[in-house]
1. Between L39 and Y59, what length in nm is gained on full extension when 0.36 nm per residue of separation is reduced by their alpha carbon distance?
2. DSSP loop chymotrypsin sites (Phe, Trp or Tyr not before Pro) in segment 16-77 with at most 14 other Cβ atoms within 10 Å of their Cβ, which ones?
3. Taking square-rooted eigenvalues a ≥ b ≥ c of the alpha carbon gyration tensor, is segment 28-141 rounded, prolate or oblate, where a/c under 1.5 means rounded and, failing that, a/b exceeding b/c means prolate?
4. Please find, in a Gaussian network model of the chain (springs between Cα atoms separated by less than 10 Å), the residue of T18, T158, T57 whose mean-square fluctuation is greatest.
5. For the chain, give the magnitude of the charge dipole about the Cα centre (Cβ charges: +1 Lys/Arg, -1 Asp/Glu; no others), in debye to the nearest 20.
6. Pick the calculated Rg and Dmax of the Cα atoms in Å for this structure from (i) 18.6, 61; (ii) 18.5, 68; (iii) 17.0, 51?
7. Tilt of helix 73-96 relative to the longest C-alpha principal axis of the chain, in degrees (0 to 90, nearest 10)?
8. Using only Cα atoms, find the angle between the long axis of helix 44-67 and the longest principal axis of the chain, and express it within 0 to 90 degrees, rounded to the nearest 10.
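All of the numbers you see were taken from the coordinates with simple rules; none came from a lab. Since we're looking at a predicted model, the values are computed, not measured. Cβ sites come from the backbone with ideal geometry, for glycine too, and all protein chains shown count toward neighbours.
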Amino acid sequence: MAGDVAPGAERSATLVWTLPNALSALRLLGVPLFLYLVLGPEEDGWALALLVASGITDYLDGWLARKLDQQSVVGQILDPVADRLYILAVVVALALRDVIPWWVAVSLPLRDALMWGLVPLLRTRGYSALPVHFLGKAATFNLLYAFPLLLLGDGEGTVATLAQVFGWAFAIWGIALYWWAGVLYAWQVRRLLATTERR
């Protein structure tokens, strides 16, 4: 209802040029750079630093959007798109380098493809997306920690061994939560289709 909208909420929803959106856009620009660093000169140190920077900006853009009251529709699109592209780029790059098996590289994009397949069903009820579930955020958190650790673990020595152990722990939990969140999302879509009229 219009009376429930906080002052300035409609204005902030239409904002485009904001600091949080700039951070999300910067993260997007880092995706091809990461692929180049891992698959070209194999500069794993710089690639790892880029992933860490991506994780920090991922936290900062959400925090700043709330702190500065700059939450926007653009930001709600850019942030998850940047997350998905980073995950896709990392799994493909690490699979090509034989750091992770191909079943891991295929399982994550496959889940995203299934989720995209639900969008046309949502649109029949006047929705373009549903709110992000806590499990989805937890899954992304785990995966964004897992892949830098697995990249660090692609070497020899105690640090590499520990990184590999913790990296796989985060990866297994992340993949499981990623799919669990997808199942819950599909269940929400099913309930929405059953309880709302076509538009």
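1. Roughly 4.5 nm would be gained on extension.
2. Sparse-neighbourhood loop chymotrypsin sites (Phe, Trp or Tyr not before Pro): W17.
3. Note, shape of segment 28-141 comes out oblate.
4. T158
5. 960
6. Correct label is (i).
7. Once rounded, the angle reads 30 degrees.
8. Once rounded, one gets 20 degrees.
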